[in-house]
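The values are calculated or read from the model by the stated rules, or taken from the named source; none is laboratory data. Bear in mind that the values here come from a model prediction, so they are computed numbers and not experimental data. Glycine also receives a Cβ, built like all others from the backbone with ideal geometry; neighbour counts cover every protein chain displayed.
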């Protein structure tokens with residue numbers, strides 16, 4: 001995940017202060033969409049889903065190994081969870097940056113289901129602080145700068161140029177197909 005995207009999400013970074021000495025931030029957003037399978041063409045792999053907001057038709061990817069178990073009337077539930085945590089590292093605390101993904105699918109013969117997660121730990125350094133305008137400029141390890149608008153002047157006053165900000169972002173998507181309840 002790019003620091004630019006994370007920096008944009010950090011607009012609220014300075015809105016919450018959990019420790020008296022340095023501000024921290026944590027947010028979680030979960031969205032769920034449920035649709036009913038309207039039609040499935042096993043030969044062309046075309047699937048039509050419908051809910052109160054309308055219909056969508058798409059070609060099921062070849063990686064969907066259990067498409068034969070998908071039937072009209074089945075319920076498809078997709079849930080996306082995004083979380084973001086940021087904190088100022090203590091002086092001398094070693095920054096850790098990493099990125100990874102995980103994925104799993106339903107066993108062969110069961111209704112289609114999948115889960116995937118992308119996770120990133122990124123460390124940015126405060127390169128500049130514009131206190132009158134409450135703009136914090138973060139720099140990634142490559143030297144790219146990203147200005148972030150702070151929300152609370154008290155938290156801006158607690159930051160210093162050179163502070164390292166550890167950002168932990170997670171995006172998870174789960175898709176499950178179930179038979180309609182009778």
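Couple of notes before you dig in:
- Meets criteria (farther than 24 Å from residue 33 by Cβ and not in a loop (DSSP other than H, G, I, E, B)) for residue 96: no
- Within the set 152, 157, the sole residue that is out of contact with any strand residue (DSSP E or B) (no Cβ under 6 Å at 6 or more places or on another chain) and touching a residue at least 60 places away in the same chain (Cβ under 8 Å) turns out to be 152.
- Condition check for residue 91: without any contact (Cβ under 8 Å) to a residue 60 or more places away in the chain, surrounded by fewer than 17 Cβ atoms within 10 Å (Cβ to Cβ) and out of contact with any strand residue (DSSP E or B) (no Cβ under 7 Å at 6 or more places or on another chain): yes
- Hey, residue 64 modelled with pLDDT under 95 and farther than 18 Å from residue 176 by Cα or not: no
- Across the stretch 114-133, the number of residues qualifying as under 12 Å from the mean Cα position of the chain (by Cα) and under 30 Å from residue 70 (Cβ atoms) comes to 4.
- Residue 76 part of a strand (DSSP E or B), crowded, with 17+ Cβ neighbours inside 10 Å and at pLDDT below 95: no
- When we screen 57, 137, 105, 117 for residues that are more than 30 Å from residue 181 (Cα to Cα) and in contact with a strand residue (DSSP E or B) (Cβ under 7 Å, 6 or more places away or on another chain), the only hit is 137.
- Some residue of the stretch 118-128 being closer than 17 Å to residue 78 by Cβ and in contact (Cβ under 8 Å) with a residue 12 or more places away in the chain: yes
- Check on residue 127, touching a helix residue (DSSP H, G or I) at 6+ places or on another chain (Cβ under 9 Å), part of a strand (DSSP E or B) and surrounded by 13 or more Cβ atoms within 10 Å (Cβ to Cβ): no
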